[in-house]
1. To make sure I understand, if each residue's beta carbon is the centre and we count other beta carbons within 10 Å, what order do 39, 67 fall in, fewest to most?
2. Can you put 141, 94 in order, fewest other beta carbons within 10 Å first?
3. How far is it, in nm, from the label point at residue 117 to the one at residue 102 when both lie 7 Å from their Cα along the line to the Cβ?
4. Would you list 38, 92 from fewest to most Cβ contacts within 10 Å?
């Protein structure tokens with residue numbers, strides 16, 4: 001059996017590491033696609049912080065229903081439908097801490113403070129609440145925390 005000097009193994013190892021390094025540098029890096037954030041109107045009066053979670057301590061006693069739709073300025077709007085007529089759209093003001101993200105199919109998902117999806121555009125929704133103003137002064141339908149129901153429910 002032929003014995004090779006230790007220097008040959010060291011040189012071979014350095015060569016392999018150099019090749020791995022070159023291929024690593026030349027391989028294009030693919031960054032994971034970040035979920036595009038959608039700015040939603042949020043806020044309104046009657047919110048407080050309980051155990052680091054913002055919750056509504058008061059809420060309007062009305063409700064409205066319709067299709068939740070994407071809106072470039074408000075994030076989401078509600079198009080109400082009544083007997084034989086369609087009502088104008090109204091911006092939805094979500095509770096403080098709610099966020100929005102765009103889905104690959106162009107819809108907007110609304111997430112609560114825990115990160116759970118509570119609403120999605122393109123679906124029928126009923127919101128408890130009433131007309132109010134958001135933290136930036138925009139007016140719209142102030143949704144109550146816990147007063148969001150979908151038909152059919154999200155899966």
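Laboratory data are not the source of any read-out in this text; all were calculated from the coordinates shown. Keep in mind that what you see is a predicted model, and the values were worked out from it rather than measured. With ideal geometry, Cβ positions are generated from the backbone for all residues, glycine too; neighbour counts draw on all protein chains shown.
1. Result, fewest neighbours first: 39, 67.
2. Ranking 141, 94 by Cβ neighbours within 10 Å, fewest first, gives 141, 94.
3. Going from the residue 117 label point to the residue 102 one covers 1.7 nm.
4. Arranged by neighbour count, lowest to highest, 38, 92 become 38, 92.
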